Amino acid sequence: MIFRAIFAAVAMALCAGQGLAADAPSPAEPTHAEKLDKLYARLAKADDPKAADAIVRLIGEENLQSGSDSANLLLARALAAKSGEHDDVALDILDNLVVLRPEWSQAWSKRAAFRLETGDESGAMQDFAQTLKRDPRDLDALAGLGAVLAHGQKYDEAEKVFAQALALAPAFQPLVDAETQLKAAIAAHSL
């Protein structure tokens, strides 16, 4: 249960302030991949938690750009349904979204987070795997995967996943806190 709370805290920090605008890049503007590469490079070098948080928010905003106004709208509707406690509607929309845009890592990531929050750890694990197959730097998926592994007392695997996430975002406080809680759980389990 504590690991779901850890994931929820990381997910909230990752999702805070993310818009769903779908502006098309101008010809001179960097590509989606170039923007992400620059942001992740800045994130790896950030040594201040506030700066890391701001960069993570920018990464989250960039990741929400599917390249399709329809997909962006579906995701917005799914998130609205979820916040309105219409879980069945949110899951149905997310299910359709991964079928319509299977290459979009965020479709899988958001469904994985939803599944984890509703207690479907098996489904969440499958979706986290699909997310990381498409985007191995997805911090939300890494945090969720680490939380599920820790909850299942697969501590060695969880440590590796959190280390991978922290290599990307060493100053991102929710991940630092999650790793600290994981180490405390490992120490308690060792007694």
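Coordinate-derived values only; no laboratory data. Everything numeric in this text was worked out from a predicted model, so none of it was measured. Cβ coordinates were reconstructed from backbone atoms using ideal geometry, including for glycine residues, and neighbour counts include every protein chain displayed.
Within the set K45/K82; K45/K160; K35/K183; K38/K154, which residue pairs have Cα atoms separated by over 31 Å? As for pairs spanning more than 31 Å Cα to Cα, those are K45/K82; K35/K183; K38/K154. Of the residues V148, A71, S190, the one whose Cα sits farthest toward the positive end of the charge dipole of the chain, with +1 on the Cβ of Lys and Arg and -1 on the Cβ of Asp and Glu, is S190.
Residue-wise HN-Hα couplings along segment 176-190, as the Karplus relation 6.51 cos²θ - 1.76 cosθ + 1.60 with θ = phi - 60° gives them from phi, are 4, 5, 4, 5, 4, 5, 5, 4, 5, 5, 5, 5, 5, 5, 6 Hz; Gly and Pro carry x. Contact order for the chain, expressed relative to its length and based on alpha carbon pairs under 8 Å spaced 6+ residues apart, stands at 25 percent.
Ordering G123, A33, A158 by Cα displacement along the dipole of the chain toward the positive end leaves A158 in first place; charges were set at the Cβ atoms of Lys, Arg (+1) and Asp, Glu (-1).
Taking the helices alone, the chain has a mean residue ellipticity at 222 nm of -24500 deg cm²/dmol, built from -39,500 (n - 2.57) per DSSP H run of at least 4 residues and averaged over all its residues.
A Cβ-based charge dipole, computed about the Cα centre of the chain with Lys and Arg at +1 and Asp and Glu at -1, lands at about 260 debye.
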